[in-house]
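Step one of this worksheet: look at the structure below.
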Amino acid sequence: MRIIGLTGGIATGKSTVSNLFKANGFPLVDADIVARDVLKKGSGGWRKVVAAFGDDILLENGEVDRPKLGQIVFGDPSKRQLLNRLLAPYISYGIFWEVLKLWLKGCRVIILDVPLLFEAKMDRWTNPIIVVWVDPETQLKRLMTRDRTSAEDAQNRINAQMPLDIKRSKADIVIDNNGSLEDLNENFKKVLDQVIKPLTWTEFWVSRQGVIVAIISIFSGVLGCKKLIARL
């Protein structure tokens with residue numbers, strides 16, 4: 001099984017690329033969706049976060065006020081690190097479970113969409129790694145336009161993430177998204193050729209099909225040995 005790591009930065013267009021993969025029929029595990037699930041009211045992650053940040057971050061219905069929590073952690077690196085530490089085990093388990101379910105279905109290629117792919121050390125489990133990249137000026141402008149926020153607030157949110165150029169240096173494939181949507185679609189088509197290439201032997205043997213073949217081969221070998229011994 002090939003697990004492809006997809007990451008980028010805020011307002012780089014990673015979600016658009018993620019949707020392009022889904023539109024082309026690729027199964028996808030979205031870490032943001034997993035993260036939302038682990039913060040649902042009553043969950044283990046919810047209890048940890050409320051205990052650490054207080055009831056002030058809750059809405060009237062008891063759910064976490066995500067924008068308010070975001071403002072708290074983006075403005076304070078220590079609180080952001082605390083939040084990441086609290087939720088990391090729950091998110092990692094959720095992602096593992098989603099990947100396992102796709103593996104059991106026999107999926108040969110999976111897209112793992114994780115904004116903090118490098119920070120969470122999940123890059124070691126993915127190959128190739130795709131980074132959606134834009135230049136700093138474009139990123140700032142798009143974020144301000146998207147969230148209707150000030151340059152200062154937008155820059156603070158950008159600074160809270162690993163610099164895009166560092167992510168770019170760690171990537172196997174870089175999708176340059178400085179241009180138009182049409183440009184992005186063309187760049188995406190080029191990436192597809194690398195994504196859909198035949199599985200390597202290593203990737204095949206960890207796929208469900210590979211495991212089944214291995215089990216059948218072992219069973220056949222054992223059965224053959226028993227017949228050979230019986231003839232002796």
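Step through the table entries LYS79/LYS121; LYS14/LYS190; LYS101/LYS189; LYS68/LYS167; LYS121/LYS141, compare each Cα-Cα distance with 26 Å, and write down the pairs that go over it.
Over 26 Å apart, Cα to Cα: LYS101/LYS189; LYS68/LYS167; LYS121/LYS141.
What lysines sit close enough to LYS105 to cross-link, taking a C-alpha to C-alpha distance under 24 Å and skipping anything fewer than 8 places away on the same chain?
Reachable lysines: LYS22, LYS197.
Report in % the part of the accessible area of the range 54-199 that belongs to carbon and sulfur, leaving out ligands and nucleic acids; probe 1.4 Å.
Taking all protein chains in place, the range 54-199 shows 54 percent carbon and sulfur surface.
Kindly identify the range 51-192 as rounded, prolate or oblate by the Cα gyration tensor criterion: order the square roots of the eigenvalues as a ≥ b ≥ c, call it rounded if a/c is under 1.5, otherwise compare a/b with b/c, prolate if a/b is larger, else oblate.
Oblate.
Answer rounded, prolate or oblate for the range 27-132, using the Cα gyration tensor with square roots of eigenvalues a ≥ b ≥ c: rounded when a/c is under 1.5, else prolate when a/b is larger than b/c, else oblate.
prolate
Please give the per residue accessible area of the range 74-114, computed with a probe of 1.4 Å over protein heavy atoms only, in Å².
Solvent-accessible surface per residue comes out at 57 Å².
The values are calculated or read from the model by the stated rules, or taken from the named source; none is laboratory data. All values derive from a computational prediction rather than experimental measurement. SASA here: full protein model, heavy atoms, side chains in, ligands and nucleic acids out. Shrake-Rupley method; radii C 1.70, N 1.55, O 1.52, S 1.80 Å.
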